[in-house]
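*Asks:* My questions will all concern the structure given below.
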Amino acid sequence: MARFAGTTMPSPAVHAPRRISNDRADAIPPRCRRRVPRAGARSASSRRQCNTRVAGAQYSLRPLILAKSPRSRIAPVKWAATALVVLFSSALLLAQAGRGAIAGRITTDQGDPAAGVTVQAKDAAGKFTSVVASGNGEFRLANLPAGTYEIVVPQMGLRTARYAQPNVVIEAGRTVTLNIRLMPNNFGILGDDEAFLQIYNKYKDLKGATPRTSDGHPDFSGMWLANVDPNPTPAQMLPWAQQEWERRRDRAFEGMPTSRCLATDPTLTLPVFYKIVQTRTLLIHLFEQDPHYRQAFIDGREHPKDLDPTWLGHTIGRWEKDTLVLDTVGLNDKSWLLQATWLPHTEMLHIVERYRRPDLAHLNIDVTIEDPASFVTPVERHVTWLSTPGEELFETICPENNKFLQNSAFK
């Protein structure tokens with residue numbers, strides 16, 4: 001090592017050459033601007049003569065690479081060529097690995113970009129690969145093993161139906177283009193889809209740890225935006241229930257209870273806002289649909305022995321570590337189960353819900369619906385609610401009693 005003006009200079013025999021600016025290079029004699037092509041090509045005296053001072057500091061010949069050196073102009077070209085080789089090799093390896101991709105754009109039935117919706121590719125083994133559409137509705141599912149897939153866009157909100165395109169073939173080294181237009185769910189709720197997605201995108205990046213109550217349990221309190229199961233399994237019904245469900249379907253589900261201002265689905269899986277209020281002994285759901293509330297007793301009590309059947313039944317709860325298990329019985333047979341499916345049932349209906357809050361933003365709910373008089377096997381739904389702390393419930397009055405005053409008196 002050599003020291004110049006208090007600065008340690010690297011030995012040219014060991015350290016890589018370094019670049020100096022053109023204004024300093026102009027101060028170097030022209031005969032010294034070429035590097036020595038090999039050791040011993042110049043004499044020691046010649047090398048000493050070529051040592052020069054530039055801007056008050058001495059630079060030896062060997063470490064210099066001038067900014068105008070032809071070698072420096074070649075370097076970017078080499079880097080570009082190397083990058084192209086790497087990209088070509090990656091594509092070749094992807095093809096050799098038997099993988100491809102699918103890409104496209106998703107819009108609503110009104111032609112607007114469906115930003116934030118989830119796109120899924122389901123393979124033959126039932127495994128899902130998912131991606132979220134960008135702000136302009138574009139998506140890309142990459143690195144998919146070659147094979148046949150079902151492409152799914154789960155229902156988001158009330159108005160858009162679940163999209164499913166089976167038998168999409170992915171070939172190795174190729175990208176399939178699939179543009180998706182989401183179709184309406186025939187509820188006629190103008191603007192619902194856009195509102196749901198706007199609220200979802202507003203809070204989807206919310207992060208934080210699971211809040212807890214003073215007794216250490218997860219705190220489920222707050223405003224929540226619910227959604228349906230993205231990949232529901234069809235219910236296996238007994239003959240009478242299947243026949244009744246087909247009758248409802250053939251009439252476009254005319255006469256569903258909520259269309260007549262009757263109580264909502266007791267499974268609470270409607271994709272709307274819910275507000276939860278939690279205490280040590282009680283968990284209350286508030287919502288805009290009739291009857292506007294459901295209370296679950298979590299104080300250790302049992303179900304009453306002789307219940308009068310009601311629309312939402314009687315609900316009790318118990319803790320299993322960080323999971324709250326809600327158990328509901330005492331339901332009448334008038335409700336229609338599961339939004340957009342509208343299953344029939346009997347008074348033997350039994351609903352079990354398991355609530356878990358893995359973080360600040362999400363509430364995972366597993367619902368099991370049992371009715372041995374209606375279903376061959378229990379019906380399951382798995383939903384995720386999103387925390388929406390800046391939203392609130394609206395007052396909703398379903399009956400327009402002012403138009404039917406003659407029927408409003410007690411009888």
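Please treat every number below as a calculation from the coordinates, not as lab data. Bear in mind that the values here come from a model prediction, so they are computed numbers and not experimental data. Don't worry about glycine lacking a Cβ; one is built from the backbone with ideal geometry, like all the others, and counts go over all protein chains shown.
*Asks:* Residues with amide H under 5 Å of His362's amide H, sequence separation 5 or more or different chain, H placed in the peptide plane at 1.01 Å from N; which?
*Replies:* Result for His362 returns Ser387.
*Asks:* Of the listed peptides 106-116, 125-135, what is their order by residue-averaged count of other C-beta atoms within 10 Å, with the highest listed first?
*Replies:* Peptide ranking by packing, descending: 106-116, 125-135.
*Asks:* When all C-alpha to C-alpha distances in segment 200-297 are sorted into bins of 10 Å, what percent of pairs does each bin hold, rounded to whole numbers?
*Replies:* 12, 31, 33, 17, 7, 0
*Asks:* Shifting gears a bit: From the phi of every residue in segment 359-369, what ³J(HN,Hα) in whole Hz does the Karplus formula 6.51 cos²θ - 1.76 cosθ + 1.60 yield, where θ is phi - 60° and glycine or proline is x?
*Replies:* So the Karplus estimates, Gly and Pro as x, are 7, 5, 8, 10, 10, 8, 10, 9, 10, 10, 10 Hz.
*Asks:* Same structure again: Normalised by the number of residues in segment 206-387, what is the relative contact order in percent for Cα pairs under 8 Å and 6+ residues apart?
*Replies:* 27
*Asks:* Just to confirm my numbers, what's the Cα centroid distance between segment 321-386 and segment 217-272 in Å?
*Replies:* Cα centroid to Cα centroid, the span is 10 Å.
*Asks:* If I model a spin label as a point 7 Å beyond the Cα along the Cα-Cβ vector, how far apart are those points for Glu150 and Glu347 in nm?
*Replies:* Computed distance between label sites Glu150 and Glu347 equals 3.8 nm.
*Asks:* Among Tyr274, Gln289, Trp342, flag the residue with its Cα farthest along the positive direction of the charge dipole of segment 264-394, charges on Cβ as +1 for Lys/Arg and -1 for Asp/Glu.
*Replies:* After comparing all options, I get Tyr274.
*Asks:* Under a Cβ-only charge scheme (Lys and Arg +1, Asp and Glu -1), can you give me the dipole magnitude of segment 189-291 about the Cα centre, in debye to the nearest 20?
*Replies:* 240
*Asks:* Just want the ordering: Trp342, Trp336, Trp224, Trp319, from fewest to most Cβ atoms lying within 10 Å of their own Cβ. Write out the running numbers ahead of the final one.
*Replies:* Details: Trp342 17, Trp336 21, Trp224 24, Trp319 13.
Ranking Trp342, Trp336, Trp224, Trp319 by Cβ neighbours within 10 Å, fewest first, gives Trp319, Trp342, Trp336, Trp224.
*Asks:* Quick one: Karplus J couplings for segment 118-130, per residue in order, coefficients 6.51, -1.76, 1.60, θ = phi - 60°, nearest Hz, x for Gly and Pro?
*Replies:* For segment 118-130, the Karplus-derived couplings read 8, 10, 10, 10, 9, 7, 5, 8, x, 7, 9, 10, 10 Hz, x marking Gly and Pro.
*Asks:* Moving to a separate point now. Take the cross-link list Lys127/Lys334; Lys127/Lys275; Lys122/Lys275; Lys122/Lys334; Lys275/Lys334; Lys202/Lys334 and give me the ones stretching past 30 Å between alpha-carbons.
*Replies:* Lys127/Lys334; Lys127/Lys275; Lys122/Lys275; Lys122/Lys334; Lys202/Lys334
*Asks:* Let me make sure I get this right: for segment 96-139, a, b and c are the square roots of the gyration tensor eigenvalues over alpha carbons, sorted descending. Under 1.5 in a/c it's rounded, otherwise prolate if a/b > b/c, else oblate. Which is it? Intermediate values should be presented prior to the final figure.
*Replies:* Values: a/c = 2.88, a/b = 2.01, b/c = 1.44.
Prolate.
*Asks:* In terms of the Cα gyration tensor, with a ≥ b ≥ c the square roots of its eigenvalues, is segment 206-387 rounded because a/c is under 1.5, prolate because a/b exceeds b/c, or oblate?
*Replies:* Note, shape of segment 206-387 comes out prolate.
*Asks:* Let me ask something else about it. Would you mind classifying segment 262-348 by shape? Square roots of the alpha carbon gyration tensor eigenvalues, ordered a ≥ b ≥ c; an a/c under 1.5 is rounded, otherwise it is prolate if a/b is larger than b/c and oblate if not.
*Replies:* Oblate.
*Asks:* Now, a different point. Given H placed 1.01 Å from N in the peptide plane, which residues other than close sequence neighbours of Asn227 have an amide H under 5 Å from its amide H?
*Replies:* Thr384
*Asks:* Could you state the orientation-averaged shadow area of the convex hull built on the Cα atoms of segment 96-181, in nm² to one decimal?
*Replies:* 5.2
*Asks:* For Asp109 and Gln198 in the same chain, what is the full-extension length gain: residue separation times 0.36 nm, less their Cα-Cα distance, in nm? Could you put the intermediate results ahead of the total?
*Replies:* Working: separation 89, 0.36 × 89 = 32.04 nm, distance 1.60 nm.
Roughly 30.4 nm would be gained on extension.
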